[in-house]
Each structure stands twice: as structure tokens, then as C-alpha cells.
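K.L.:
Structure incoming, see below.
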Amino acid sequence: MPHRQVLKALSGLLLVLFVAMLSGTVVSVALPQIIGALNGSQSQYTWVVTASLLTATASTPIWGKLADLFNKKLLLQISIVIFMVTSLACGFAQNTGQLIAFRAFQGLGMGALQILVQVVIAAMIPPKERGRYNGYLGAIMAVATVGGPLLGGLITDTSWLGWRWCFFIAVPFTAVAFVLLARTLHLPTVRRPDVSIDYWGATLIAAGVSVLLIWVTFVDNEFAWLSWQTAAMVGGGVLLLAVATWIETKVKEPVVPLHVIARRTPALAILASLSVGMAMFGGAVFLGQYFQIGRGYGPTAAGLLTIPMMVGVLVSSTVSGRMVSRSGRTKPYIIVGLIVLLAGFAGLSTIDHETSLVLISVYMLAVGVGVGMSMQNLVLVIQNTVPLREVGVASGAITFFRSLGGTIGVSVLGAVLANRVATSIAEGLAKAGIPVQGNAAAGGSLNIAALPEPIKEIVRAAYGDATGHIFLISAAIAVVGIIAAAFLKPARLRDTLDLTEQAARQETATKA
């Protein structure tokens with residue numbers, strides 16, 4: 001496709017990706033109001049986010065594989081329709097149970113859009129040129145990831161809109177994107193007579209991942225680490241994934257080809273992506289809650305306070321994307337980005353309910369720069385090592401594991417935060433001479449304004465002080481990402497859409 005035609009198609013792709021990612025973050029600042037309006041509990045707070053991440057994570061490899069087998073444009077249009085309908089359903093939810101269920105279905109569309117947009121771009125643009133376009137892609141993802149809380153705060157604080165428009169707002173934008181792509185996106189239709197879909201593998205992978213993520217969410221809350229529920233869920237999840245792995249070695253068209261993710265470069269890039277996933281989702285979700293509950297700011301102000309992270313991702317992804325295209329190298333930018341990410345998490349691990357906002361802004365800026373420099377470049381590393389026919393599954397694999405890292409991050413960090421808050425509230429109530437039995441109401445309600453003044457201050461301090469501890473965990477995960485990136489093989493990005501014959505022979509020899 002000529003450059004002008006690429007830009008036209010890219011406008012629709014970036015718009016739909018922006019809306020899909022925005023839907024995952026726009027509710028982060030509005031969640032306290034949403035849960036309060038629907039009479040939900042603290043335990044349901046994390047689930048509104050986790051439900052969509054869970055289904056998006058489990059379905060990502062499937063969409064990536066389907067993109068290698070069927071018409072990419074048609075799959076993209078189908079996913080847009082799924083996302084549009086489920087967004088409407090979320091906006092009309094009458095209780096938290098319905099909202100969580102609708103968010104789970106919305107995750108199917110979100111996962112599809114996030115991977116299919118990257119696959120379509122890979123089918124249009126060679127890897128070396130893709131660095132420039134990936135800068136735009138990273139910038140859009142940055143604005144959506146961190147700008148979502150700001151938009152959600154504005155919508156929630158606007159009396160004639162309300163929190164339901166956090167979901168309704170996606171509908172007109174996706175409709176426009178559908179029309180744009182119908183007119184501007186022109187890809188050759190690939191019809192393969194020997195198409196074989198790995199239904200068993202896809203089902204078992206989705207089931208195994210779902211069981212383990214549900215266990216991560218509920219362990220140490222609904223049941224103990226050493227309990228029959230833990231044994232059943234962990235054992236069942238591991239067994240399902242073990243059977244799925246065996247099936248993937250036998251079927252003709254595996255949904256997650258092991259020969260792709262078992263190679264050194266993809267495996268290391270996937271491991272590094274886990275830490276980036278935790279930064280993307282955990283940072284946006286829990287920093288919004290920190291500013292609103294721990295520091296007492298309103299939704300709009302809480303959204304504004306996350307701007308430093310948005311600026312960091314926006315600038316670093318755009319600049320690093322252009323520098324990667326110019327030099328043809330990705331490893332130096334990935335390593336520097338992950339080191340900066342570690343520094344940002346280390347800083348955030350020191351915050352409490354009285355930390356200077358200037359310091360917090362500096363730490364968030366560092367996290368944003370780290371995410372922007374590493375996120376899309378890790379995808380590019382994998383896409384550069386596989387032939388065009390495997391771009392879909394390779395992109396799906398790294399997106400899957402990045403989403404998995406984000407989902408586990410939200411679940412684990414949410415559980416740690418809930419436990420720390422409960423302990424701090426109990427201690428604060430005891431020091432204030434207030435009966436501890438009031439802890440149940442105080443700790444389970446996010447309607448802070450409705451609490452008595454003494455309890456309100458105790459709850460705010462508990463949330464503010466506990467937030468730093470969860471980012472200490474994120475810093476430890478970032479260290480793992482740095483080590484993985486350090487072992488990546490230095491390589492130049494290729495100038496062609498597909499591997500050259502010599503590179504393909506070397507790839508075949510490596511597999512053998």
C-alpha cells in the first residue's frame with residue numbers, strides 16, 4: 001500500500017484501537033462512583049477491571065490465529081460490532097453482577113481489536129518502516145491508557161452525563177471507525193483450502209488461564225492459600241494447560257505454536273512484556289484509586305494528576321519509534337525503558353497519604369517513559385523474527401502474555417491492597433477507640449463521603465499508605481523484565497515484509 005493509502009487506513013485503525021484501550025481505563029477513576037451507585041463492595045471493585053482483562057487475555061491467541069487463517073478486515077469488522085454491542089450493555093447495567101458479566105463479554109471485543117490492529121499493520125508495512133508507525137501506535141495506546149482516567153473523571157463529574165457515559169461514549173467512535181475501515185482498508189483476501197482450527201487447544205487454553213486468574217483474584221480473601229479450593233483450582237488450571245500444551249504439539253494448526261514462543265528471542269520478549277503489562281494496567285487502576293480515596297481528590301482532579309504518566313508514554317513512544325526506524329535496532333531502547341520503569345516503580349513504592357504530589361508526578365513520568373520505550377518495541381522484536389504467515393500468532397502470543405501480566409498484576413496487587421487496607425483500618429480504629437466491628441462497613445464501602453469524619457480519615461490514610469506497598473511488588477517484576485531484555489540477541493530490523501530466503505533457511509535450521 002502507498003504511504004498515503006496507509007495513512008488513511010491507519011486513521012481508522014488507530015481510532016478503533018484508541019476506543020478499545022480507552023474502555024479499559026476510562027472506568028478506573030469512575031469506579032468508586034460506579035460501585036457506590038450500584039451498591040457494590042470493595043471486592044467487586046477489582047473485578048470490574050479483571051473481568052474484561054480475563055476474557056481479553058484468554059481470547060487473544062485465538063484471534064491472532066484466526067487472523068492467519070481468514071480475512072483480516074472481516075475479523076476486524078466483526079470484533080468492532082462485538083465491542084459496540086457490549087459497550088451499550090455495560091452502560092445499561094443495573095447492578096455490579098450485570099456490569100461484571102457485560103465487561104467479561106466486552107473483553108472479547110477489546111482483546112480482538114488490540115491484536116487485530118497490530119496484525120493488520122504488520123500485513124501492510126515492513127518491520128523497519130513499522131517503527132515509525134509504531135510510534136503513532138504507541139502514542140495512541142499511551143493517551144488511551146493514561147488519558148482514560150481523565151476522561152472518566154470529567155464524564156463522572158458532569159451532572160448531565162454521569163458514569164454510564166463512560167461506556168456509551170465508545171459507541172459513536174467505533175461506528176465512525178467501522179465506516180473508515182470499510183472505505184480505506186484494502187488487504188488481499190487469503191483463502192486457504194487446508195484451513196484447520198485448533199478448537200480443543202483454544203478451549204483448554206482459555207479454560208486453564210481463566211481458572212488460574214480466578215484463583216489469583218480470590219485466594220487469601222475468600223479462602224486460604226493452603227485450602228482445598230486452592231488445590232482444586234491450581235491443580236485444575238495446571239492440568240488444563242498441560243493438556244493444552246500436549247494438544248498444541250499434535251494438531252496441524254495450533255492456536256499457540258510452541259515452535260514460535262519456544263525460540264530464545266520471542267521467549268525473552270514475552271517475559272519482559274509481563275512487567276510492561278503490570279505497569280500499563282496496575283498503574284492506571286490503582287493510582288486513580290490512590291488519588292481519589294487516599295488523597296481525597298475528585299474524579300476529574302484524580303484524572304488530571306495522572307497526566308505526567310500520559311506525557312511520559314506519549315513522548316517516549318513517539319521519539320523511540322522514530323529512532324528505532326532510523327537505526328534499525330530495538331534492544332538498547334527496550335533495556336533503557338525497563339530501567340527507567342524500575343526507577344519509577346521504586347519511587348512509587350515509597351509513597352504514602354502525605355507524599356508530595358511533585359515527587360509522585362516525577363515517579364509517574366518515569367513509569368510512563370519506561371512503558372513507552374519498551375511496550376511496542378517488544379512486539380516489533382518478535383514480529384521481526386517470524387515469517388509473514390506467523391505474524392498473527394506471534395503478535396497474539398506477546399499480546400496474550402502482556403495482558404496476562406496486566407491481569408495478574410491487577411488481581412495480585414488488588415488482593416495485597418485489600419489486605420493491607422483492612423489491617424490498617426483495624427489498627428486505626430483500635431487506636432481511635434472505635435469498636436473494630438465497624439471495620440466491616442468502613443473497609444467494604446467505597447462511598448467515603450458517607451462515612452463519619454473520624455472513620456473517613458482512617459480509611460483515607462489506610463488507602464494512601466497501602467498503595468506504596470503494591471508498587472514495591474511491581475518494582476520486583478520490573479527487575480525480571482530487565483534481566484530478560486539483557487539476554488535478547490542484538491538484531492537489525494529487516495526491510496522486507498517477509499523473511500528473506502536466507503533468513504528463512506536459518507530459521508528452519510534453528511527449529512531443527
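The values are calculated or read from the model by the stated rules, or taken from the named source; none is laboratory data. Fair warning: this is a prediction, and the values are worked out from it, not measured in the lab. As a convention, Cβ positions derive from the backbone with ideal geometry for all residues, glycine included, and neighbour counts pool all protein chains shown. What goes into the accessible areas is simple: the full protein's heavy atoms, side chains included, and nothing from ligands, DNA or RNA. Shrake-Rupley method; radii C 1.70, N 1.55, O 1.52, S 1.80 Å.
K.L.:
Checking the condition more than 23 Å from Phe291 (Cα to Cα), in contact with a helix residue (DSSP H, G or I) (Cβ under 9 Å, 6 or more places away or on another chain) and in a helix (DSSP H, G or I), which residue from Ala56, Ala93 passes?
P.N.:
The conditions single out Ala56.
K.L.:
Kindly evaluate Leu7 against the criterion of being surrounded by fewer than 20 Cβ atoms within 10 Å (Cβ to Cβ) and either at pLDDT 80 or above or assigned to a helix (DSSP H, G or I) (or both).
P.N.:
yes
K.L.:
Could you tell me whether Leu66 is in a helix (DSSP H, G or I) and touching a residue at least 24 places away in the same chain (Cβ under 8 Å)?
P.N.:
yes
Matching residues to (1) of a type in the set (D, E, K, R); (2) at pLDDT 85 or above; (3) open to solvent by 40 Å² or more (accessible area, probe 1.4 Å):
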residue: Gln42; (1), (2), (3): no, no, no
residue: Thr57; (1), (2), (3): no, no, no
residue: Trp63; (1), (2), (3): no, no, no
residue: Lys72; (1), (2), (3): yes, no, yes
residue: Ser79; (1), (2), (3): no, yes, no
residue: Thr86; (1), (2), (3): no, yes, no
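K.L.:
Still on this structure: Can you work out which of the residues in segment 240-266 that are more than 26 Å from the chain's Cα centre (by Cα) and open to solvent by 40 Å² or more (accessible area, probe 1.4 Å) is nearest to Thr203 (Cα to Cα)?
P.N.:
Applying the filter and picking the extreme gives Val243.
K.L.:
What is the number of the single condition among (1) in contact with a helix residue (DSSP H, G or I) (Cβ under 7 Å, 6 or more places away or on another chain); (2) modelled with pLDDT of 80 or more that Ser227 does not meet?
P.N.:
Result: Ser227 passes all but (1).
K.L.:
For the structure I just gave you, tell me whether Ala206 is at pLDDT below 80 and under 22 Å from the mean Cα position of the chain (by Cα).
P.N.:
So Ala206 fits the description; yes.
K.L.:
Only one of Val234, Val219 is in contact with a Phe, Trp or Tyr (Cβ under 7 Å, 6 or more places away or on another chain), at pLDDT below 85, over 30 Å from Val369 (Cα atoms) and among the aliphatic types (A, V, I, L, M); which?
P.N.:
Exactly one of Val234, Val219 is in contact with a Phe, Trp or Tyr (Cβ under 7 Å, 6 or more places away or on another chain), at pLDDT below 85, over 30 Å from Val369 (Cα atoms) and among the aliphatic types (A, V, I, L, M), namely Val219.
K.L.:
Against the conditions (1) open to solvent by less than 20 Å² (accessible area, probe 1.4 Å); (2) assigned to a helix (DSSP H, G or I); (3) among the β-branched types (Val, Ile, Thr), where does Val369 fall short? Just the number, please.
P.N.:
All conditions pass for Val369, except number (1).
K.L.:
In segment 254-288, what residues are more than 16 Å from Gly481 (Cα to Cα) and either assigned to a loop (DSSP other than H, G, I, E, B) or at pLDDT 75 or above (or both)?
P.N.:
Passing the criteria: Pro254, Val255, Val256, Pro257, Leu258, Ala262, Arg263, Phe286, Leu287, Gly288.
K.L.:
May I pose another question? From the list Ile339, Ile408, pick out the single residue that is closer than 26 Å to Gln289 by Cα and at pLDDT below 80.
P.N.:
It is Ile408.
K.L.:
Can you tell me which residue in segment 167-198 is modelled with the highest pLDDT, limited to those that are of a type in the set (Ser, Thr, Tyr) and part of a helix (DSSP H, G or I)?
P.N.:
Checking each candidate, the answer is Thr174.
K.L.:
While we're here: Condition check: open to solvent by less than 10 Å² (accessible area, probe 1.4 Å) and of a type outside the set (Phe, Trp, Tyr). Does Val313 satisfy that?
P.N.:
Yes.
K.L.:
Okay, next question. Scan segment 26-53 residue by residue and report those that are of a type outside the set (Gly, Ala, Ser), within 20 Å of the chain's Cα centre (by Cα) and assigned to a helix (DSSP H, G or I).
P.N.:
Leu31, Gln44, Tyr45, Thr46, Trp47, Val48, Val49, Thr50, Leu53
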